[in-house]
Amino acid sequence: MKSLRWRITLWFTLGLLMVAAVFVTATHAHLQHELRLSRWERAHPEHPDWKLHGSYSEAEVDDIADELWRLSLIYAVPVIGLTLGAGYWLAKRSLQPVAEINRQLQAIGARSLDKRIQLAQADAEFRAIENNVNALLARLDGSFRQLSEFSAQVAHELRTPLTLLRLQVEEAAGRVEPGLAESLQDELSRLSDYVDQCLLLATAEQGRLNMELKPVALRALVTEMIEIYELLARSENRELTVIAAEELSVTTDIRTLRQMLHNLLTNALRHGSGPLTVTLMRDKAESVCRIENESAAKPRGDSGTGLGLRIVRAIAGHHPQLVFSSGLEGGRFVAELRWC
């Protein structure tokens, strides 16, 4: 048995059975000794003043001893069942603080490191575990906050120098070789975009992302955004298809929704292959935006920084009604935004 609960149950049952076996064996040996060596004395039924003296025969002794063993085995079956039940119940009660710690730890994520586990009733050993786990969570919370704040500060500090560099390159465009000027502009634009992504991620993971939730027509928004991505797909000889049977109205923040769709579509074009499909549908009472394409065997071109999906997860985790999921399904990579 791999379960600690069952191991404790079996050890409890085995210990109780060993004690019972020692008791029965000692009783059996003592009874045999008394029956073989001791003599009995009783009055005659018809003559009370007569005294009869005698002892048990070997056959009688064996018969009595066998009866003792038989009764012991008969009673052992329900005793074993009761012992297993009692042992399992005791093991479950003893390990209840461990189950409670696991349950509370599962509810703690990157945005809830300020939570602490609390045990209503526990022994000193479990109290020590509770205190150590809470101390670990406090250190993780402090380190995570420092890292997020540092990332946000770095990204914020880099925005101004990059903006100044872009302006200087634009002003010097007439004095610099056109090809070099264009290359510098592209690199500075890429760096600026990367800094903005880092700043957005840090803001979302710190829980400081401001959202203005209001009804948004999802099909109209996707249709408006999809034109530029259709051009990018055609440049790579890929087909981009939007499937929307009906207009869907979702309550969301349009700015962050645009950012999530941009990241998902860019990720699909950069890392995927084959046809790209965007499906807008209603699943029972939920509105769904599903983006899928074939998963490339090897990364094509720039492998990226891995921020795209992470930013989408961070934003979706901050949204009260939005659930994001992604993964491989039958060789195709599927990313899904679901409004509950």
Flag if residue 201 is at pLDDT below 75, surrounded by 15 or more Cβ atoms within 10 Å (Cβ to Cβ) and within 30 Å of residue 247 (Cβ to Cβ): no
Would you mind telling me which numbered condition in (1) assigned to a helix (DSSP H, G or I); (2) modelled with pLDDT under 70 residue 49 fails? (1)
Looking at residue 2, is it among the charged types (D, E, K, R) and either touching an Asp or Glu at 6+ places or on another chain (Cβ under 8 Å) or at pLDDT 75 or above (or both)? no
All-but-one check, residue 233 against (1) under 35 Å from the mean Cα position of the chain (by Cα); (2) modelled with pLDDT of 85 or more, failing number (1)
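How many residues are of a type in the set (Phe, Trp, Tyr) and free of Cβ contacts under 8 Å to residues at least 12 places away in the same chain when one looks only at segment 57-94?
At the first step, the residues of segment 57-94 found to be of a type in the set (Phe, Trp, Tyr) are 69, 75, 88-89.
Subset that is free of Cβ contacts under 8 Å to residues at least 12 places away in the same chain: 75, 89.
Residues meeting the conditions: 2.
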Which residue, of 338, 300, 282, 313, is outside any helix (DSSP H, G or I), within 24 Å of the chain's Cα centre (by Cα) and either surrounded by fewer than 18 Cβ atoms within 10 Å (Cβ to Cβ) or modelled with pLDDT of 80 or more (or both)? 338
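The values are calculated or read from the model by the stated rules, or taken from the named source; none is laboratory data. Bear in mind the structure is a predicted one, so any value in this text is a computation, not a measurement. Counting neighbours? That spans all protein chains shown, and the Cβs are built from the backbone with ideal geometry, glycine included.
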